[in-house]
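Chemist: Below is a structure I'd like to ask you about.
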Amino acid sequence: MQLFSWAKPVLTSLALLLFSVGESAAERIKDIASVAGVRSNQLVGYGIVVGLAGTGDGNSGLTLQSMQAMVSRFGLVTDVSGLNAKNAAAVMVTAELPPFLKPGQTLDITVSTMGGANSLRGGTLLMTPLLGADGETYAIAQGNLVVGGLGVQGGDQSSLVVNVPTVGRVPRGASVERMVPSSFLETPHLILNLHKGDFTTATNMAEAINQIFGPDVAVPLDANSVRVQAPQDPSQRVSYISLMENVEVTQAEPPARVIINSRTGTVVIGGNVRVTPAAVTHGSMTVRVNEDFNVDQGQTVVSNGDQTTVVDNEPVVTPDTDIDVEAETARAFIFDTGVSLSSLVDAINAVGASAADLVAILEALREAGALRAELVVI
């Protein structure tokens, strides 16, 4: 298309227009959306950490078999009974392969024990292939571990653990061996996916892009995606995305929603929450039960001629229960039409409602149809 036969002066003028338009906008596209297909890939591998100071897996069968397989690669023949994994540990190695990373570049890795090792401090990860979801090797990991935790155990089985000594990292510990295929340079168009889908935001994004790059360049597909035409020349496509990701878009207001954390009692009320006319009565009743026991031990007087004897009877225990009920005066408050968030919170705080009371009030308002918001319990 002629639209994308750009020269450097045209790119410069578009950049100036872009920044002038974005002064009054809200969020950059790069902050609220991502390009479809441009993503990281998870890698995982199984390896052995050696050089531990007696904090390894010990006589774990898995670790011993792994050590036997490792030394056999160097032409050594040994039996499992001749090995000791006290200074070695079987580990899982994980990494995240960023998009467009080329062979020879490096990435950080995380090493975690999967056996009985107490600490990885001071250990060295032996060469470990890192596989993708397709089973292919994309990186090779090896290096000295950096462990932030500390674990100490005494002869009487007492121990002290600081942070997590069974997980370590190797900065730049993996070398990329294969690049993940990407369709970024092949498709005639690009798809921008919103981090949080919204029809209004998708429409605003398409309009903002069309305002700068021309009509019908961007078309909203649904609440999550916007399709954008892109040049075929790789150098132009990169410059094109560089300009587009800095276009600022006015995000739509979030839906009216009340979020309740049932475990902590935290309640978050969105700014668009409204309440229709409703009356709420809030009160509490306190019941106290005091259990006591009365012990009565009588005496029996026995006379035998001139001699009188006093004998204690068996004690008699009588329960004495005192029940006291205190009921606070129920306090009522009324919500008028279209009450806002601040008024709602002020009214509930005025009656001294706890977090549990607040949740009960909001649930009751929803059931009554007076709460104009979605109630989400997490």
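The values are calculated or read from the model by the stated rules, or taken from the named source; none is laboratory data. Quick caveat: nothing in here was measured; it's all calculated off a predicted structure. All Cβ positions, glycine included, derive from the backbone under ideal geometry; neighbour counts span all protein chains shown.
Chemist: Out of the residues in the range 221-262 meeting the condition of being in contact with a strand residue (DSSP E or B) (Cβ under 8 Å, 6 or more places away or on another chain) and small (G, A, S), tell me which one is farthest from K30 (Cα to Cα).
Modeler: Restricting to residues being in contact with a strand residue (DSSP E or B) (Cβ under 8 Å, 6 or more places away or on another chain) and small (G, A, S), the top hit is S262.
Chemist: Output the residues belonging to the range 185-230 that are in a loop (DSSP other than H, G, I, E, B), at negative phi and surrounded by fewer than 18 Cβ atoms within 10 Å (Cβ to Cβ).
Modeler: L185, E186, T187, P188, H195, K196, G197, P215, L221, D222, A223
Chemist: Further question: When the residues of the range 195-208 are filtered to those that are farther than 29 Å from A133 by Cβ and free of Cβ contacts under 8 Å to residues at least 60 places away in the same chain, which remaining residue is nearest to the chain's Cα centre (by Cα)?
Modeler: Top of the filtered list is D198.
Chemist: Restricted to the range 102-120, and to residues that are surrounded by fewer than 18 Cβ atoms within 10 Å (Cβ to Cβ) and in a loop (DSSP other than H, G, I, E, B), which residue is nearest to the chain's Cα centre (by Cα)?
Modeler: Checking each candidate, the answer is M114.
Chemist: Something else about it: For the range 87-100, enumerate the residues that are outside any strand (DSSP E or B) and crowded, with 18+ Cβ neighbours inside 10 Å.
Modeler: The answer is N87, and nothing else.
Chemist: Moving on to the next point. Residues in the range 8-23: is at least one small (G, A, S), outside any loop (DSSP other than H, G, I, E, B) and either more than 27 Å from H189 (Cβ to Cβ) or modelled with pLDDT of 85 or more (or both)?
Modeler: no
Chemist: Anything in the range 40-54 that is under 16 Å from L145 (Cα atoms) and surrounded by 15 or more Cβ atoms within 10 Å (Cβ to Cβ)? List them, or say none.
Modeler: Residues satisfying the conditions are G45, Y46, G47, I48, V49, V50, G51, L52.
Chemist: Does T128 satisfy the criteria of being part of a strand (DSSP E or B), more than 28 Å from the chain's Cα centre (by Cα) and not aromatic (F, W, Y)?
Modeler: Answer is yes for this residue.
Chemist: Let me ask something else about it. Taking the range 242-273 as the search range and keeping residues that are farther than 30 Å from A218 by Cβ and at pLDDT below 75, which one is surrounded by the most Cβ atoms within 10 Å (Cβ to Cβ)?
Modeler: If we take residues in the range 242-273 being farther than 30 Å from A218 by Cβ and at pLDDT below 75, then G265 is surrounded by the most Cβ atoms within 10 Å (Cβ to Cβ).
Chemist: I would also like to ask the following. Of all residues in the range 176-194 being hydroxyl-bearing (S, T, Y) and within 16 Å of S40 (Cα to Cα), which is farthest from the chain's Cα centre (by Cα)?
Modeler: Once the filter is applied, the top-ranked residue is S183.
Chemist: Also: Conditions: (1) closer than 23 Å to P181 by Cβ; (2) β-branched (V, I, T); (3) in a loop (DSSP other than H, G, I, E, B). T78 meets all but one. Number of the miss?
Modeler: (1)
Chemist: Do we find that G116 is small (G, A, S) and either modelled with pLDDT under 90 or in the same structural domain as T201 (by TED's automatic domain parsing) (or both) in this structure?
Modeler: yes
Chemist: Also: Of all residues in the range 56-70, which are free of Cβ contacts under 8 Å to residues at least 24 places away in the same chain and not polar (S, T, N, Q)?
Modeler: Scanning the range 56-70 gives G61, L64, M67, A69.
Chemist: Could I ask something else about it? Suppose we filter G37, G123, G75 for residues that are on the phi > 0 side of the Ramachandran plot and over 28 Å from the mean Cα position of the chain (by Cα); which single one remains?
Modeler: From the options G37, G123, G75, the qualifying one is G75.
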